[in-house]
Amino acid sequence: MTYSDLIARGQSASSASLPDLVSDPVRHQRLTITAQGLHFDFSRALLSEADFDALLTHAQEIGLEQARADLFSGKPINATEGRAVLHMALRQPGRDFFAKGEAISTAVRTGRAAATAFAHGVRDGSICATDGRPFKAIVHIGIGGSDLGPRLVHEALAPSAGSDIILRFAANIEPGELAAALAGLDPRETLILCVSKTFTTLETLENLKAARAWLQAAIGPDDSAHLVAISAAPERTKAAGFRPDRVFDFKEWVGGRFSLWSAVGLSCKIALGPDVIARMHAGAAAMDHLFETLPLAQNPVVIAGLIGWWNRTCLDFKSRAVIPYAKRLRLLPQFLQQLEMESNGKSVNLAGQRVSTSGPVVWGAEGTNAQHAFFQHLHQSPDVTPVEFIAIATDNEDAPARTRMTLANALAQAEALTHGKTRADVEATMRAAGADDASIAAIAPHRVFSGNRPSSFVLMDRLSPENFGAYLAFCEHRTFVEGKLWGVNSFDQWGVELGKVIASEIDADLQKGPSSHRDRASVALIEAIRSLRS
Ligand code: F6P
């Protein structure tokens, strides 16, 4: 199955009838899977069964099964950094994993036990503030992978876990973010968790500095009892003055955007309780097992990855919208944006050769709000955007009617994208409403929906920690599968470095005036900012 065969298949699939494809019961059965409290429906993908078979063959031919085995066996598949990729080890403490041949599971178990003991200590008050008060609030400082995962987990699971401990997050260096996180908190009963894999990230270190000034103004210079560091660079946390018993490390084989399973998730462990987090890990471990063991054709992760690749590369759809129909999953689009775009937004393959396509733009917002914002574009723009719907079957059971209507809306949008509304239907509707020929001729084209727009649907039984963990692991592994199909390294992120270097130069320019090598546009803006701020 050559690449050009698949591109040719994509071209003919573009003109296939999605309503016809969706109505086929055999195809429907092949493209729907229920596992770990999640019902995956991929049947609204714009591909025939023959296309699906071709994709499966392609996956086999490019060695997806071997790549999957290499991932789990701890080979250094992050080749540009010479690292294994083993975040799965963090949620499977009972299994022995090896990173580049070295056993890691004893260290995983020890680290996990230390974080759990610390979380219990904060929750029961035995780990307390300088003056002996229990901690009532945690401020989690970190950015990117050191922020988005815990933030999402907290928002998703806090309502059902119930928690007496306030947890706030500060990522952005823009001062409003930390100010909002600290607002109304009493420094004497606040624990600051500083999370940074490298412990060099400007935003995080500056926010830490500001948070420590806030603490010290209230409790005096010794703020060590109020500080925790989580990092893969413990020597830097030591240099920054953190107490050794307040430093939790994680290893280089945990990528930032996959790190919520490590001590990076400590703030959630404290706020939601270790049991909730253990249940989330168990759900993720179950999804790991499915991904690792199921044959490609029955593997939800593989099917999702193949369809993601097909949409971007064979059908040339440049973005994917993620629409969770649940307030508690509001942050999912942002989380997936980092997970997928930092992983697969690459210009070269593992051999350093240019790729013609890599991961799509991932974006989205919660439904039903999004329906009243950008769904117009999803339904009628000439640019087709595949949509991923996520909904929860049983949720908010104190308000069953509105929950049911939420679900009805999610299903309705998927159906509308598939079938659209033809000119004949529009004319019939208008005529039935009494419109005359002239207004039908003028207005009908605006009311036509082309349909034939693909989507996928993930229905969770309920938003339990287990189901949520399974879904997150599904997303992580899908990113890996797609990366393999594009041939890129999904585990580095060199593309974020250039801007960081220039930002530090420009910060100096803002203080002393533009350097001679700045371009005209930057010079003008630097001068404008200097003059406005002087
Ligand atoms: O700038 C991108 C990035 O390196 C992400 O990959 C990472 O998750 C984030 O910054 C934060 O990095 P750190 O955890 O080292 O502070």
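The values are calculated or read from the model by the stated rules, or taken from the named source; none is laboratory data. On a predicted model such as this, the values are computed, not experimentally measured, just so you know. Counting neighbours? That spans all protein chains shown, and the Cβs are built from the backbone with ideal geometry, glycine included.
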* To do: Among residues belonging to the range 292-301 that are part of a helix (DSSP H, G or I) and surrounded by fewer than 24 Cβ atoms within 10 Å (Cβ to Cβ), point out the one that is nearest to the chain's Cα centre (by Cα).
  => E292
* When Q413 is evaluated against the numbered criteria (1) outside the structural domain of S23 (by TED's automatic domain parsing); (2) assigned to a helix (DSSP H, G or I); (3) in contact with a helix residue (DSSP H, G or I) (Cβ under 9 Å, 6 or more places away or on another chain), which criterion, by number, is the only one it fails? -> (1)
* Subset of the range 317-345 that is within 16 Å of the ligand (Cβ to nearest atom) and either without any contact (Cβ under 8 Å) to a residue 24 or more places away in the chain or among the aromatic types (F, W, Y) (or both) - its residue that is surrounded by the most Cβ atoms within 10 Å (Cβ to Cβ) -> F335
* To do: Looking only at the range 148-165, decide whether some residue is surrounded by fewer than 17 Cβ atoms within 10 Å (Cβ to Cβ) and more than 30 Å from H281 (Cα to Cα).
  => no
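I need the full set of residues from the range 302-330 which are assigned to a loop (DSSP other than H, G, I, E, B) and within 27 Å of S356 (Cβ to Cβ), in order please.
The answer is L315, D316, F317, K318.
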* Asked: For the subset of the range 212-231 comprising residues that are part of a helix (DSSP H, G or I) and not aliphatic (A, V, I, L, M), which member is farthest from the ligand (Cβ to nearest atom)?
  -> Q216
* Asked: How about the range 87-169: which helices (runs of 4 or more DSSP H) wholly inside it have at least 3 residues that are within 16 Å of the ligand (Cβ to nearest atom) and in contact with a helix residue (DSSP H, G or I) (Cβ under 9 Å, 6 or more places away or on another chain)?
  -> 148-161
* Taking N172 and the conditions (1) surrounded by 21 or more Cβ atoms within 10 Å (Cβ to Cβ); (2) within 15 Å of the ligand (Cβ to nearest atom), which numbered condition does it fall short on, given that it satisfies the others? -> (1)
* **Those residues of the range 175-203 which are in a loop (DSSP other than H, G, I, E, B) and either without any contact (Cβ under 8 Å) to a residue 12 or more places away in the chain or within 12 Å of the ligand (Cβ to nearest atom) (or both), in sequence order** => A183, G184, S196, K197, T198, F199, T200, T201
* Asked: Only one of (1) of a type outside the set (V, I, T); (2) surrounded by fewer than 17 Cβ atoms within 10 Å (Cβ to Cβ); (3) within 16 Å of the ligand (Cβ to nearest atom) fails for G352. Which number is that?
  -> (3)
* Asked: Taking the range 26-37 as the search range and keeping residues that are of a type in the set (A, V, I, L, M, F, W, C) and surrounded by fewer than 21 Cβ atoms within 10 Å (Cβ to Cβ), which one is nearest to G10 (Cα to Cα)?
  -> V26
* Asked: Can you tell me which residue in the range 232-247 is nearest to E174 (Cα to Cα), limited to those that are more than 16 Å from the ligand (Cβ to nearest atom) and not in a helix (DSSP H, G or I)?
  -> G241
* To do: Residue by residue through the range 374-418, note down the ones that are closer than 18 Å to I307 by Cβ and among the β-branched types (V, I, T).
  => V384, T385, V387, I390, T418
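Yes or no: the range 505-516 includes at least one residue that is under 28 Å from Q338 (Cβ atoms), hydrophobic (A, V, I, L, M, F, W, C) and in a loop (DSSP other than H, G, I, E, B).
No; the residues of the range 505-516 include none that is under 28 Å from Q338 (Cβ atoms), hydrophobic (A, V, I, L, M, F, W, C) and in a loop (DSSP other than H, G, I, E, B).
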* **Residue in the range 52-65 that is outside any loop (DSSP other than H, G, I, E, B) and within 27 Å of W261 (Cα to Cα) present** => yes
* To do: Kindly provide the set of residues from the range 355-369 that are within 16 Å of the ligand (Cβ to nearest atom) and either assigned to a strand (DSSP E or B) or not assigned by TED's automatic domain parsing to the domain that holds T385 (or both), ordered by number.
  => V362
* Sort through C268, C194 and tell me the only one that's out of contact with any Pro (no Cβ under 9 Å at 6 or more places or on another chain) and crowded, with 24+ Cβ neighbours inside 10 Å. => C194
* Do the conditions hold for E206, that is, is it away from the ligand (no atom under 13 Å from the Cβ) and not basic (K, R)? -> no
* To do: Could you figure out which of (1) within 16 Å of the ligand (Cβ to nearest atom); (2) touching a Cys at 6+ places or on another chain (Cβ under 8 Å) isn't true of I277?
  => (1)
